[in-house]
Amino acid sequence: MKARVTVTLKNGILDPQGKAIEGALKSLGVDGIASVRQGKVFDIEVEGADKAKAEAALKAAADRLLANTVIENYRVEVLS
Amino acid sequence: MKAAVLVFPGINRERDMARTLKLVSGTEPAMVWHAETELPKGTDLVVIPGGFSYGDYLRCGAIAARAPVMDAVRAHAAKGGLVLGVCNGFQILCESGLLPGVLMRNAKLKFICRDVHLRVERSDTPFTRGYNAGQVIRVPVAHGEGNYAADEDTIRRLEGEGRVLYRYCSPAGEVGDTHNINGAAASIAGIVNDKGNVLGMMPHPENHVEEIMGCTDGRGLFAGLAAHLERAA
């Protein structure tokens, strides 16, 4: 099964990289960008066909390694 | 002093650290590979040096923090054993949960490689007994992610319990935004855990220990550790 874990910075955590990207978009003249926050996407292939089991494994992966829950939130999706 | 210096793929300051430990204590430290599951018998100080473990992939220190040897380090720390993490070592300690908080991208996004001044906040700890409280020392930094961050409660607890041992400051010892090189909360350069036996710091005291380096201000930290361990032995 294909799955995706998306890791984003929590609200209120300063994101200097997002700010720099925001500035670069402004200087490129891309209109209408209010703000940018940078995150990470992990595309993961999960063994087996048990959706609940896959979600549990992905949650464990996110909690134990993919996200630092001090500063980051994550979202787990089983795509197929 | 029976020190163990941890070696992870991508670490590059381990030999500076080993040289300093030998210089100050007279004893060669053991170099311990990350895949080991035990520390050498009798280890009284674990040092996690600087560098770029695993190429800083995922987050600085994130992968090293999950290496097999870290369980042994956790057990060592739980028994009250001393642990010192410098630069990437500090990041690894935060990622492993041995220290609270996290090291974020420097506020101005630049890698900073230069000497900085640190104020030693107290002298009654194994990591600062080689200095006087309020003393200002000059040591190098070399990092892109040294911007210490934690939630307000954690910062309040660190301050309240006197766990901030080193702070960025001016040559005269003033702390403030202009001297806070990377935007760290409360100008934090180094903190200890709640038991006071695990120190993480971004600057490199091991690189200011001999006259030929142009400064010996970093020596006090290691001399203090050696004196502490000698007294304990």
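None of the figures in this text is laboratory data; all of them are computed from the coordinates on show. All figures in this text were calculated on a predicted structure; none of them were measured in a lab. For neighbour counting, all protein chains shown are included, and Cβ atoms are generated from backbone atoms with ideal geometry for every residue, glycine included.
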inquiry  = Could you check region B:154-203 and list, in sequence order, the residues that are acidic (Asp, Glu), within 26 Å of B:Lys110 (Cα to Cα) and either touching a residue at least 12 places away in the same chain (Cβ under 8 Å) or not in a loop (DSSP other than H, G, I, E, B) (or both)?
reply    = B:Asp177
request  = Give me a count of the residues in region A:1-32 that are touching a Lys or Arg at 6+ places or on another chain (Cβ under 6 Å) and of a type in the set (Ser, Thr, Tyr).
outcome  = 1
Residue selected from region A:11-42 under the condition surrounded by fewer than 12 Cβ atoms within 10 Å (Cβ to Cβ) and under 18 Å from the mean Cα position of the chain (by Cα), by the criterion farthest from the other protein chains (Cβ to nearest Cβ) = A:Ser35
key: Considering residues of region B:40-84 that are among the aromatic types (Phe, Trp, Tyr) and within 14 Å of chain A (Cβ to nearest Cβ) only, the residue nearest to B:Arg13 (Cα to Cα)   = B:Tyr54
inquiry  = Restricting to region B:58-93, and then to whatever is hydrophobic (A, V, I, L, M, F, W, C) and in contact with a Gly (Cβ under 7 Å, 6 or more places away or on another chain), can you tell me which residue is farthest from A:Phe42 (Cα to Cα)?
reply    = B:Val86
ask   = When you scan region B:1-57 for strands (runs of 3 or more DSSP E) that lie fully inside it, which ones turn up with 2 or more residues that are of a type in the set (S, T, N, Q) and surrounded by fewer than 23 Cβ atoms within 10 Å (Cβ to Cβ)?
value = none
request  = Confirm whether B:Leu103 is closer than 22 Å to B:Ile188 by Cα, within 13 Å of chain A (Cβ to nearest Cβ) and in contact with a strand residue (DSSP E or B) (Cβ under 9 Å, 6 or more places away or on another chain).
outcome  = yes
